[in-house]
Amino acid sequence: MADRVLVIGSGGREHALAWKLTQSPHVKQVLVTPGNAGTAGDGKISNSVISIDDHVALAQFCRDHEIRLVVVGPEVPLAAGIVDDLTAAGVRCFGPTAKAAQLESSKSFSKAFLDRHGIPTAQWKAFTSPKEACSFITNADFPALVVKASGLAAGKGVIVASNKEEACKAVHEIMQDKIFEAAGETVVIEELLEGEEVSCLCFTDSITVAPMPPAQDHKRLMDGDEGPNTGGMGAYSPAPQISKDLLLKIRDTILQRTVDGMKKEGVPYIGVLYAGLMLTRDGPKVLEFNCRFGDPECQVILPLLKSDLYEVMQATINTRLSSSMPVWFENSAAVTVVMASEGYPGTYAKGLKITGLSKAKELGLEVFHAGTVIKDGKVVTNGGRVLTVTAIKEDLMSALEEANKGVATIQFKGAIYRKDIGYRAIAFLRHSRYISGGSALI
């Protein structure tokens, strides 16, 4: 008998999760709360109105609607203990407990954990006093130029300064001006690392680690990595900068060591673990952990999954991942381009009509909605990041070309997007081909 699943969240990540889950023969319906225009009525996917803050009422909703699995997309409900409370109420839930989610919800906890378990990361120190933080920045014997709000700040709580004065200004903005509100009561000052930044995610059942194809996100708003930081303007996978040997090293020295360390400390980690890494000359180092799929990384990783996502998630919860290891499509690449509202990541208008969605689908592309809503029967904008256009092809160059074609067909007033997603990978592959003198897959 097929099951009903509830996905929690409203972004492109949650649309992608629902899309992938409906491909399982074990799933008859996916409800999404609060969802968006893309999940409002798409085959087996529909939206449902239920508060995710009232865990008692949510558990009752799951029982009333015979929900067999709850999949939590964003970090805030995880940090609030949604998995703990639903599990205690007898509802199966995919994701880490609140204690395990501290790897993301508290950067000071995460950094101390990395040090305790000998997992490579940047030099750092945490502060609750702006004066002490600025003194540390001024006197550190390394470039202490990365200033992070310790708490959750929707992926935007990191300021990379170009000099000590800028770093001190960032401390004052976070701690005194409270630009990230309560998330910035504690700041973490870090060494600025040099290298290529990549995302390495895995499924884990607290024992086994199953790496996903590595991805690379593009945080800056504009082409060439210019402009302000955002929640992410696009991504691609697999990232060719990570060879199979390097991925095995990352699995053993970072991902497995993290999962083993959490278990050793009495906090088993179950769900998706996302390590944001810098590939330095001294090897990969952890920049941050996320305790769920990234957005937009999810939109390029899940299309490459050959296995049944529902089966993988159930095996993970049952601590039987080793007997149901996910299989990935070979010789495939995915690129996703985010279309955002004019003014993002600052203030922006809502309610702008979106056209061309059907044309993009006719091109064979997947359009995952984020900040959209249906108003008077039409799809309109309702957020900063509006939607993501994903192309899956045999190589990165083809996927990028197709994704850009799709973006060109979709229109809403003031739409902003990058045209160079994946440029680092293409440059890397061209360089590799030049050095080897052979032909590389570009």
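The values are calculated or read from the model by the stated rules, or taken from the named source; none is laboratory data. Owing to the predicted nature of the structure, the values given are computational and were not obtained by experimental measurement. Ideal geometry is used to build each Cβ from the backbone, glycine not excepted, and the neighbour counts take in all protein chains shown.
Looking at ALA133, ALA183, ALA149, which one is in contact with a Leu (Cβ under 9 Å, 6 or more places away or on another chain), more than 30 Å from LEU305 (Cα to Cα) and not assigned by TED's automatic domain parsing to the domain that holds VAL312?
Every option except ALA183 fails the conditions.
Within the stretch 341-384, can you find the residues that are among the basic types (Lys, Arg) and within 16 Å of HIS15 (Cα to Cα)?
Of everything in the stretch 341-384, just one residue is among the basic types (Lys, Arg) and within 16 Å of HIS15 (Cα to Cα), namely LYS361.
Could you give me the residue pairs with C-beta distances under 8 Å whose first residue belongs to the stretch 176-205 and is among the hydroxyl-bearing types (Ser, Thr, Tyr), whose second residue is surrounded by fewer than 20 Cβ atoms within 10 Å (Cβ to Cβ) and part of a helix (DSSP H, G or I) wherever it lies, and which are 6+ apart or on separate chains?
Filtered contacts from the stretch 176-205: THR186/SER108.
Could you please find all residues in the stretch 320-361 being in a loop (DSSP other than H, G, I, E, B) and β-branched (Val, Ile, Thr)?
Residues satisfying the conditions are VAL327, THR347, ILE354.
If you take the residues in the stretch 388-442 that are part of a loop (DSSP other than H, G, I, E, B) and outside the structural domain of GLN299 (by TED's automatic domain parsing), which one is modelled with the highest pLDDT?
Of everything passing the filter in the stretch 388-442, GLY437 is modelled with the highest pLDDT.
If I filter the stretch 54-78 down to residues being within 24 Å of the chain's Cα centre (by Cα) and of a type in the set (Val, Ile, Thr), which single residue comes out as nearest to LEU309 (Cα to Cα)?
Result: VAL71.
Could you pull out the residue among GLY383, GLY356, GLY351, GLY371 that is in the same structural domain as VAL300 (by TED's automatic domain parsing) and touching a helix residue (DSSP H, G or I) at 6+ places or on another chain (Cβ under 7 Å)?
Answer to the selection: GLY356.
Please work out which one of (1) buried (at least 23 other Cβ atoms within 10 Å of the Cβ); (2) more than 16 Å from LEU201 (Cβ to Cβ) is the condition GLU330 fails and give its number.
Among (1) buried (at least 23 other Cβ atoms within 10 Å of the Cβ); (2) more than 16 Å from LEU201 (Cβ to Cβ), GLU330 violates only (1).
Against the definition (small (Gly, Ala, Ser), under 13 Å from GLU265 (Cβ atoms) and crowded, with 22+ Cβ neighbours inside 10 Å), how does ALA100 come out, yes or no?
The answer is yes for ALA100.
Pairs needed: first member in the stretch 4-27, without any contact (Cβ under 8 Å) to a residue 12 or more places away in the chain and not assigned by TED's automatic domain parsing to the domain that holds HIS369; second member anywhere, surrounded by fewer than 24 Cβ atoms within 10 Å (Cβ to Cβ) and part of a strand (DSSP E or B); C-beta distance under 6 Å; at least 6 residues apart or different chains.
Qualifying pairs under 6 Å: none.
Do you know which residues across the stretch 370-429 are crowded, with 21+ Cβ neighbours inside 10 Å and within 22 Å of GLU196 (Cβ to Cβ)?
LEU396, ALA399, LEU400, ALA403, ARG418, ILE421, GLY422, ALA425
With the requirement that a residue be under 21 Å from ALA154 (Cα atoms) and more than 21 Å from the chain's Cα centre (by Cα), what does the stretch 1-53 give you?
Answer for the stretch 1-53, where residues must be under 21 Å from ALA154 (Cα atoms) and more than 21 Å from the chain's Cα centre (by Cα): SER51, ASP53.
Of everything in the stretch 30-70 that's in contact (Cβ under 8 Å) with a residue 40 or more places away in the chain and among the hydroxyl-bearing types (Ser, Thr, Tyr), which residue is surrounded by the most Cβ atoms within 10 Å (Cβ to Cβ)?
Across the stretch 30-70, the extreme among qualifying residues is THR39.
Pull up the stretch 198-209, narrow it to residues that are more than 15 Å from ILE242 (Cα to Cα) and within 17 Å of the chain's Cα centre (by Cα), then point me to the one that is surrounded by the most Cβ atoms within 10 Å (Cβ to Cβ).
For the stretch 198-209, the residue satisfying everything is THR204.
Out of LEU58, LEU69, report the one residue that is touching a helix residue (DSSP H, G or I) at 6+ places or on another chain (Cβ under 8 Å) and assigned to a helix (DSSP H, G or I).
LEU58
Please specify each residue of the stretch 307-319 satisfying the condition of being surrounded by fewer than 19 Cβ atoms within 10 Å (Cβ to Cβ) and assigned to a loop (DSSP other than H, G, I, E, B).
Matches in the stretch 307-319: SER307, ASN318, THR319.
Could you please find all residues in the stretch 283-330 being of a type in the set (S, T, N, Q) and out of contact with any Pro (no Cβ under 7 Å at 6 or more places or on another chain)?
Residues satisfying the conditions are ASN290, GLN299, GLN314, THR316, ASN318, THR319, SER322, SER323, SER324.
List pairs: first residue in the stretch 111-131 and under 11 Å from GLU190 (Cβ atoms), second residue part of a loop (DSSP other than H, G, I, E, B) and of a type in the set (Ser, Thr, Tyr) anywhere in the structure, Cβ distance under 7 angstrom, at least six positions apart or on different chains.
If the second residue must be part of a loop (DSSP other than H, G, I, E, B) and of a type in the set (Ser, Thr, Tyr), the pairs left are ALA126/SER150; ALA126/THR186.
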